[in-house]
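Please read the structure below before turning to the comments.
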Amino acid sequence: MDPAAYVPDVFDPRIYGAGIPYESYRLLRERHPVAWQPEPQIQGWPAGPGFWAVTRHADVVRVLRDHATYSSWIGATQIRDPDPADLPFLRRTMLNQDPRRSAGDHGRLRRLVSRAFTPARVDAFAGRVRERARTLLATARAKAEGGAADLVRTVTDEYALLNLTDLLGVPAADRGLLLEWTVRIIGYQDPEDAPAPLIGPEGKPLNPRSPALLGEMFSYARELAAHKRAHPGDDVMTALAEAGLDPAELEMFFFLLTVAGNDTVRSAAPGGLLALARDPGAYRLLAEGRTLMHTAVEELLRVHPPVLSFRRTAAADTELGGQPIRAGDKVVVFHASANHDERVFTDPGRLDLGRTPNAHVSFGDGPHVCLGAHFARLQLRVLYEEWRAAMPAPELAGPPRRLVSNFINGITRLPLRVSGPAG
């Protein structure tokens, strides 16, 4: 085979369990920036029609910004096609809407969440976030076995979850439910998180985002909203409960905030610590104050974006990266590839905590740019500051484990040394 004709697979979720396929991304950017990917049957999930993988930064940004051509509404935003019967349900959330196709719903819903997620409300949580980071790190250190701890289990899962539930206003007794729902929805491709897919009446696996599997979460959202109307607080769920949303919109908001709001930091925080553990020299600059924390956070997000891919569907015949695209084709952008594009980032394989400018797309771009980005950056900055103040330089105490997923860039185990002097 002509080496130039080789198109590496970047679809199989099992690839990502071993690591982000940077070399495959590089080959695609260089030779096939918009490359056709087959969608074979894997782990019991049926085969699909295939899709276009978009790997260069400029093309990724173009797709994310051009909602008229590349639609979130037509086929939703996951690589696998949803059951057609589920599409009306999936289109209730603004993630799966287009500004021009959703009768004003997308803009209205984003404005509602923007008012609920104000920077002032988020910043008011900074003290609580810092105290939580400090407490969790101290507890991990105190309970370490052999001087090491799994930071995912002892720190980052709890940190992301409790910060989000504080902001939402979820009672303490119910917070474990949110983590359970997140793991079920995000980890469905991973045999450790979901040993076998649930099978529907037609013998096909059930998508964990289908209404058939979200009833418990939706029932809880309605109950919580009713509680907030009777007992309002300064939290996001009170703002949403009083915003005049219809029940379906409220349910989907809760779904989106619970899963996306939790897993963004749940994925990014251990990913950043892992990157620092693998580059002691970069961490030393940070520990000695020779690198600004806010630029370090952006670089750690660049090298470990929380989300690996998002799907759009071509609304009309078009052209992208020199490749003709037909109406109805699936077009999937790969964030980790865009973040390593040599056309935008000098020496992209190097962890440069002082990198500026840093045009990463880890929080997306265009009309669907992440509304919780400010809160995520706050949490990451505080966690790394507290690590620097109280913990030893990050050092692996065993192999980390990655989530088996072509969607979320998750770390499910991260054994780090936690005993020793700070710095």
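The values are calculated or read from the model by the stated rules, or taken from the named source; none is laboratory data. It should be emphasised that the depicted structure is a prediction, and the values quoted were computed from it without experimental measurement. Glycine also receives a Cβ, built like all others from the backbone with ideal geometry; neighbour counts cover every protein chain displayed. What goes into the accessible areas is simple: the full protein's heavy atoms, side chains included, and nothing from ligands, DNA or RNA. Shrake-Rupley method; radii C 1.70, N 1.55, O 1.52, S 1.80 Å.
Would you please give the residues with an amide H less than 5 Å from that of Gly410, counting only those at least 5 places away or on a separate chain, with H modeled from the backbone geometry?
Leu403
Take the Cα gyration tensor of segment 249-323, multiply each eigenvalue by 5, square-root it, and list the three semi-axes largest first, rounded to whole angstrom.
Taking √(5λ) for each Cα gyration eigenvalue gives 33, 21, 10 Å.
Which of the DSSP-defined H helices in the chain satisfy a minimum axial length of 18 Å, computed from C-alpha atoms, and a minimum mean Kyte-Doolittle hydropathy of -1.0?
126-142, 215-230, 247-277, 373-390
Quick check: at a probe of 1.4 Å, how many percent of the accessible area of the chain sits on carbon and sulfur atoms?
With neighbouring chains kept in place, the figure for the chain is 54 percent.
What Kirkwood radius, in Å to one decimal, follows from the Cα pairs of the chain?
One decimal place: 22.2 Å for the Kirkwood radius.
How long is the gain from Ala230 to Ala373 if the chain were fully straight, where each residue apart is worth 0.36 nm and the alpha carbon distance is subtracted?
48.5 nm
For a distance above 24 Å, tell me the whole-number percent of Cα pairs in segment 271-406 that qualify.
Cα-Cα pairs in segment 271-406 separated by more than 24 Å: 39 percent.
Select from Leu164, Phe125, Asn409 the residue farthest towards the positive end of the dipole of the chain; place +1 on Cβ of Lys and Arg, -1 on Cβ of Asp and Glu, and compute about the Cα centre.
Positive-end residue among those listed: Phe125.
Per residue, how much accessible area does the chain have with a 1.4 Å probe, in Å²?
40 Å²
Please report, in whole Å³, the volume per residue of the convex hull around the C-alpha atoms of segment 214-349.
Cα-based convex hull of segment 214-349, divided per residue, equals 180 Å³.
Please list log₁₀ I(q)/I(0) at q = 0.11, 0.24, 0.25 Å⁻¹ for segment 338-423, using the Debye equation with identical point scatterers on the alpha-carbon positions.
For the requested q values the scattering log ratios are -0.46, -1.31, -1.28.
Modelled label-to-label distance, Thr346 and Ser419, 7 Å Cα→beta-carbon offset: nm?
4.3 nm
What percent antiparallel are the DSSP beta bridges of the chain, to the nearest 5?
Restricted to the chain, the bridges split so that about 90 percent are antiparallel.
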